[in-house]
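One structure below.
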Amino acid sequence: DVFPPEETKAPLAGLFDALHWTTRTGVVERELWFAPGDTIDAATAAEVERNLRALGLFAEVTARLVPTGTPGEVDLEITTRDRFTFNLGAGASFVGGITGVRGGLGESNLFGLGDRLAASFARNSEDEYRFALAYTDLHVLDTWHTGTVRGGRTDDGDFFGLELRRPIKHLRDVHTYGIDVSYDESEVEYFRDAEVRAELADVRSRMAFDYAVVDGPRDRRRTLGLVLIAERNDYGPVRG
């Protein structure tokens, strides 16, 4: 739960726990790079702690080696306490005679799987608006790949994106790569005397691929890689 036993009587503690999905054991197990029977030491346990904290799902993480009674054999015991991962927000503004409203909600531990879902909306008195929705899968097909699907609509047009990434998971993991495909419709505005005098439709398609090799100790990591980007812009007729 979000609150430890000594704080369960705090105001709203029960409500926050009821709105929270407890992280599943498999999420933690997927982050481990070793199996039963492999060699493990205190440095590895400390690295496990750091990696799990970096996920942003936990308020507390403890990893310790527990003797089993057999010489040279230990169990790795991992204890976690979740953080509250649901967020909701709204706001309003008034700038230069233009009023605007915005809102958003998100969950960073959907169904206890470590997946993220977020939605946002904004609109102003100039009829400009933007709606966006994004979903991130922490372990695509139960692997170390992370995938994100994002899309939405604005007063200028639609946008869409798809990203698949294999991040570095531990110090002996040296390869990382990713691919990102996106599509975006927008309007380029040309101003004169603080007024829009012309508009140009711009439809942009983009694909990016990156690959890198990482090595070195934790405090002096070195990265060598490459990035390839292909981009196409289709322009419509100028209006104005």
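The values are calculated or read from the model by the stated rules, or taken from the named source; none is laboratory data. Here the structure is a predicted model, which is why all the values come from computation and not from measurement. Here Cβ is always computed from backbone atoms with ideal geometry, including for glycine, and neighbour counts include all displayed protein chains. For the accessible areas, the whole protein counts, side chains as well, though only heavy atoms, and no ligand, DNA or RNA atoms are used. Shrake-Rupley method; radii C 1.70, N 1.55, O 1.52, S 1.80 Å.
Provide a single number: the residues in the range 35-45 that are surrounded by fewer than 13 Cβ atoms within 10 Å (Cβ to Cβ) and of a type in the set (A, V, I, L, M, F, W, C).
Looking only at that region, the number is 3.
Restricting to the range 70-123, and then to whatever is over 26 Å from residue 24 (Cα atoms) and among the polar types (S, T, N, Q), can you tell me which residue is modelled with the lowest pLDDT?
70
Report, ordered by the first and then the second residue, all pairs with beta carbons closer than 7 Å, sequence separation of six or more or different chains, a first member in the range 84-97 that is more than 12 Å from residue 122 (Cβ to Cβ), and a second member that is assigned to a strand (DSSP E or B) and of a type outside the set (Asp, Glu).
The qualifying pairs are 85/108; 85/109; 87/105; 87/106; 88/105.
For the range 9-25, state whether one or more residues are without any contact (Cβ under 8 Å) to a residue 24 or more places away in the chain, open to solvent by 40 Å² or more (accessible area, probe 1.4 Å) and in contact with a helix residue (DSSP H, G or I) (Cβ under 7 Å, 6 or more places away or on another chain).
Looking through the range 9-25, none of the residues is without any contact (Cβ under 8 Å) to a residue 24 or more places away in the chain, open to solvent by 40 Å² or more (accessible area, probe 1.4 Å) and in contact with a helix residue (DSSP H, G or I) (Cβ under 7 Å, 6 or more places away or on another chain).
Based on this model, can you work out whether residue 174 counts as at pLDDT below 95 and β-branched (Val, Ile, Thr)?
Criteria met by residue 174.
Just for the range 71-88: of the residues that are closer than 21 Å to residue 115 by Cα and among the hydrophobic types (A, V, I, L, M, F, W, C), which one is surrounded by the most Cβ atoms within 10 Å (Cβ to Cβ)?
78
Given the options 157, 97, 91, 56, name the one that is on the phi < 0 side of the Ramachandran plot and open to solvent by less than 60 Å² (accessible area, probe 1.4 Å).
So the residue among 157, 97, 91, 56 that is on the phi < 0 side of the Ramachandran plot and open to solvent by less than 60 Å² (accessible area, probe 1.4 Å) is 91.
Which of (1) of a type outside the set (Ser, Thr, Tyr); (2) within 30 Å of the chain's Cα centre (by Cα); (3) closer than 22 Å to residue 218 by Cα does residue 65 not meet, given it meets every other one?
The single condition residue 65 does not satisfy is (2).
Looking only at the range 183-233, which residues are more than 16 Å from residue 155 (Cα to Cα), open to solvent by less than 70 Å² (accessible area, probe 1.4 Å) and over 25 Å from the mean Cα position of the chain (by Cα)?
Within the range 183-233, 198, 216, 217, 233 qualify.
Can you tell me which of (1) touching a residue at least 12 places away in the same chain (Cβ under 8 Å); (2) open to solvent by 60 Å² or more (accessible area, probe 1.4 Å) is the one residue 107 doesn't meet?
The one condition residue 107 does not meet is (2).
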